[in-house]
């Protein structure tokens, strides 16, 4: 796929999960729900103050649970983006926690297919999600490990992959990017 503005090959940052298919959008199988608390946790982990969060949400917030729960990458979006500052480290890793809701059939089993970004090792736990009923929510953990790459000071390198959950009828794709940055 080409970027229309410059004719260059487009990346996952340009096209995301792909084109919207209206028929498939009416029956997605799984959805990544997000709540007000998910956004508050995101703000907490983005180092917003309690007062800043109160102004934005008009609610009292407690960031103690959010700080223990993880990092800003754990916002329950379908896309995953790991950004590593090399700082002389050879091996780097991070993880993401995601929650999906079954809006398809009851008694559905989704199996994961991992298409890791070049140079990375990606694991997903569990490797299958077993939904007994419609509306049921299940969590999964994505671990990303990568090795340092040779970059000039201030340089970056981004590689893309994906995680696909499938029950044989639905395919739910989550883009995954790994960006390496070499500090100046």
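Would you say residue 2 is out of contact with any helix residue (DSSP H, G or I) (no Cβ under 8 Å at 6 or more places or on another chain) and modelled with pLDDT of 85 or more? Taking the combined requirement at face value, the residue does not satisfy it.
Pairs linking a residue in the range 36-53 that is part of a loop (DSSP other than H, G, I, E, B) to a residue that is modelled with pLDDT of 90 or more, with Cβ atoms under 6 Å and 6 or more positions apart or on different chains, do not occur. Close contacts from the range 152-172, counting a first residue that is at positive phi and free of Cβ contacts under 8 Å to residues at least 60 places away in the same chain and a second that is outside any strand (DSSP E or B) and surrounded by fewer than 14 Cβ atoms within 10 Å (Cβ to Cβ), with Cβ to Cβ under 7 Å and a gap of 6+ residues or different chains, come to 154/184.
Among the residues of the range 173-184, those that are in contact with a strand residue (DSSP E or B) (Cβ under 6 Å, 6 or more places away or on another chain) and either free of Cβ contacts under 8 Å to residues at least 60 places away in the same chain or buried (at least 19 other Cβ atoms within 10 Å of the Cβ) (or both) comprise 174, 175, 176, 177, 178, 180.
Taken together, the residues in the range 161-184 that are farther than 16 Å from residue 95 by Cα and assigned to a strand (DSSP E or B) amount to 7.
The values are calculated or read from the model by the stated rules, or taken from the named source; none is laboratory data. Keep in mind that this is a model prediction, so the values were computed, not measured. Quick reminder, even Gly has a Cβ in these numbers, built from the backbone with ideal geometry, and neighbours come from all protein chains shown.
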